[in-house]
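Participant: Dropping the structure in here first, questions after.
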Amino acid sequence: MLFRSTSSEAETVSFKEAVLRCLPDGGLYVPASLMDLRQFFLYMNSGTTYPELVASVAPIMLQGELNPFSASRVAESAFDFEPELVRLDDRYSLLTLYNGPTGVFKDFGIAFLAAVLEELLKNSGRAMLISASRGDTGVSIASAFARRRGMISVILYPSGPIRGLKPADFVPNGGNIIPIQVRGTFEDCQNLVRAVINDRPYAERHGITSANAINIGRLLPQAMYYLYGFIKVKQQLQGDLVFSVPSGNFGNLMAGLYAWKFGMPVNGFIAAMNRNDPFGDYLRGKPFIPKPTVATRSPALDVSSPANFERLAAFYAEAPAVMRNMVCPAAVDDNATLAAIERVWKTYHVPIDPHTAVAFAAAEGLSKSFDPLSHIVVLATGHPAKEAKTMQEATGQVLKVPHGLALLHERADPVAIIEPDLVALESAIASCL
Ligand SMILES: *Cc1c(COP(=O)(O)O)cnc(C)c1O
């Protein structure tokens with residue numbers, strides 16, 4: 001498959017180039033060619049494991065770049081965790097995506113990116129990833145990239161405590177991770193990531209790219225867990241299939257749309273937002289106007305200007321009317337979110353985190369507009385134990401925190417503290433190498 005920039009239709013690049021360049025001038029990479037994966041996943045069934053699915057689908061997605069042997073190695077080394085399809089009743093299932101090291105679905109894209117990059121760089125070259133994180137994404141990146149050959153991973157944190165990293169993985173201790181604290185905000189960190197990628201001579205000398213969601217190498221593999229959800233429910237489907245997706249920066253929803261484009265038989269997506277629903281009007285066919293962010297009980301969805309706007313717009317531009325039928329926006333407030341957590345607990349005895357609850361409540365609200373036999377798969381994006389206070393308030397239950405997630409609270413010191421400035425960043429990196 002080839003990739004092109006949202007800013008220019010003309011030039012196409014390979015997956016490796018798209019992953020390593022990350023930010024083409026003024027745009028983001030999106031798939032440029034279509035492919036039909038149907039024959040590869042239709043024969044899979046509920047017995048197929050996640051690494052098996054990845055090992056058979058990835059070589060087709062990345063034909064000419066990743067052979068089946070390499071793909072198996074990537075799948076095995078990336079995924080010692082799997083999604084799980086939990087059937088609640090005839091109407092609803094959950095696809096749990098929180099079984100990775102940090103308890104959020106982002107672990108899936110990051111783990112694949114690290115493993116595939118190691119494979120693609122095997123005989124030639126090296127890469128340095130520069131990524132911004134507020135917290136757990138940094139841990140996910142560190143755990144996926146730690147000890148991988150040919151790669152150094154720099155993680156930029158805004159002011160405040162840094163948690164969950166293992167100092168043994170840091171460059172001064174013989175590892176390949178460099179956490180740097182920036183005296184500023186998360187936005188300052190994101191701007192520094194863009195600045196260093198756009199410093200072309202420096203970026204080319206060091207092989208600079210990013211493990212943030214701007215990298216298509218993180219987004220594309222997320223399409224695979226939709227395929228996994230599909231193969232697990234398909235035998236029991238009696239009507240339409242719909243996915244309900246808690247959406248903040250819209251990476252997860254984009255990945256679902258790619259899965260559909262690659263041949264997954266799906267009848268609709270619900271773009272579930274909280275009170276921050278900057279895309280609601282846009283998805284109904286009106287212009288996109290960013291709104292100020294308000295704080296909610298589902299903080300990962302508190303986004304006023306989604307980072308994947310250009311990718312979504314490129315997708316919509318091809319067939320706006322089809323898209324309006326395919327994606328239904330919904331906005332859910334905090335009271336409805338807490339009520340959904342309580343209802344799912346009482347009805348099915350299953351804990352769902354507030355982000356998942358937004359998608360569940362949205363699905364219930366829209367369910368009458370779908371065919372009565374349709375089945376709705378709600379993406380469970382976060383581990384409920386990470387939102388223990390909200391869970392206790394909604395269900396009265398005190399959830400046990402798994403050992404791996406408890407480690408996310410341990411403090412670690414950065415390797416350097418810098419001003420939000422490109423020269424400061426480049427010299428801090430130089431002093432580590
Ligand atoms: C990041 C995140 C989301 C939002 O996903 P996007 O791809 O940004 O739309 C939803 N739920 C949880 C738990 C998250 O961490």
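The values are calculated or read from the model by the stated rules, or taken from the named source; none is laboratory data. What you see is a predicted model, and the numbers here were worked out from it, not measured in a lab. All Cβ positions, glycine included, derive from the backbone under ideal geometry; neighbour counts span all protein chains shown. Ligands, DNA and RNA are excluded from the accessible area calculation, which covers all protein heavy atoms including side chains. Shrake-Rupley method; radii C 1.70, N 1.55, O 1.52, S 1.80 Å.
Participant: Does anyone have the angle between helix 251-261 and the longest principal axis of the chain? Alpha-carbon axes, 0 to 90°, nearest 10?
Facilitator: Rounded to the nearest ten degrees, it is 70.
Participant: Next question. Picking from VAL193, GLN63, PRO24, whose Cα lies most toward the positive end of the charge dipole for the chain (charges on Cβ: Lys, Arg +1; Asp, Glu -1)?
Facilitator: Most positive-ward Cα: GLN63.
Participant: Per residue, how large is the accessible surface of segment 39-94? Use a 1.4 angstrom probe and give square angstrom.
Facilitator: 48 Å²
Participant: Sticking with this one: Which of HIS206, HIS355, HIS403 ends up with the largest GNM mean-square fluctuation for the chain, with Cα atoms connected below 10 Å?
Facilitator: In this elastic network of the chain, the residue with the biggest mean-square fluctuation among HIS206, HIS355, HIS403 is HIS403.
Participant: Rounding to the nearest 20 debye, state how big the charge dipole of segment 169-251 is about its Cα centre with +1 on each Lys and Arg Cβ and -1 on each Asp and Glu Cβ.
Facilitator: Charge dipole of segment 169-251: 160 debye, to the nearest 20.
Participant: Next question, about the same structure. On the accessible surface of segment 1-159, probed at 1.4 Å, how many percent belong to carbon and sulfur atoms?
Facilitator: Carbon and sulfur atoms account for 49 percent of the accessible area of segment 1-159.
Participant: Round to the nearest 0.05 the FRET efficiency obtained for ALA339 and ASP36 when R0 = 60 Å and r is the Cβ-Cβ distance. Don't skip to the end; give the middle numbers.
Facilitator: Details: r = 42 Å, r/R0 = 0.69.
Working from the Cβ atoms, E equals 0.90.
Participant: With a 1.4 Å probe and all protein chains left in place, how much of the accessible area of segment 230-278 comes from carbon and sulfur atoms, in whole percent?
Facilitator: Carbon and sulfur: 35 percent of the exposed surface of segment 230-278.
Participant: Hey, another quick one. Roughly speaking, what is the centre-to-centre gap between segment 126-148 and segment 82-102 when only Cα atoms are used, to the nearest Å?
Facilitator: 25 Å
Participant: Pop out the carbon and sulfur fraction of the accessible area of segment 328-433 as a percent, whole number, probe 1.4 Å.
Facilitator: Numbers: 2840 of 5090 Å².
For segment 328-433, the apolar C and S fraction of the accessible surface comes to 56 percent.
Participant: Something else now. Could you work out the relative contact order of the chain? I mean the mean sequence separation of Cα pairs under 8 Å and 6+ apart, divided by the number of residues, in percent.
Facilitator: 19 percent
Participant: Please give the per residue accessible area of segment 311-433, computed with a probe of 1.4 Å over protein heavy atoms only, in Å². Can you show the working numbers first?
Facilitator: Working: 5870 Å² over 123 residues.
Computed with neighbouring chains in place, this is 48 Å² per residue.
Participant: In degrees between 0 and 90, to the nearest 10, how far off the longest principal axis of the chain does helix 334-348 point, with axes built from Cα atoms?
Facilitator: Approximately 70 degrees, to the nearest ten.
Participant: Next question, about the same structure. Sort 357-366, 306-315 for me by packing, meaning the mean count of neighbouring Cβ atoms within 10 Å per residue, highest on top.
Facilitator: 357-366, 306-315
Participant: A follow-up question, please. Using a 10 Å cut-off on Cβ atoms, rank the peptides 47-58, 406-417, 150-161, 127-138 from the highest mean neighbour count down.
Facilitator: 127-138, 150-161, 47-58, 406-417
Participant: I'd like the distance between the alpha-carbon centres of segment 267-285 and segment 333-374, rounded to an integer number of Å.
Facilitator: About 16 Å separates the Cα centre of segment 267-285 from the one of segment 333-374.
Participant: Segment 191-252 to segment 53-68: how many Å between their Cα centroids?
Facilitator: Value for the Cα centre distance between the two parts: 17 Å.
Participant: Considering lysine pairs in the chain that are 8 or more places apart or on different chains, how many have Cα atoms under 19 Å apart?
Facilitator: 7
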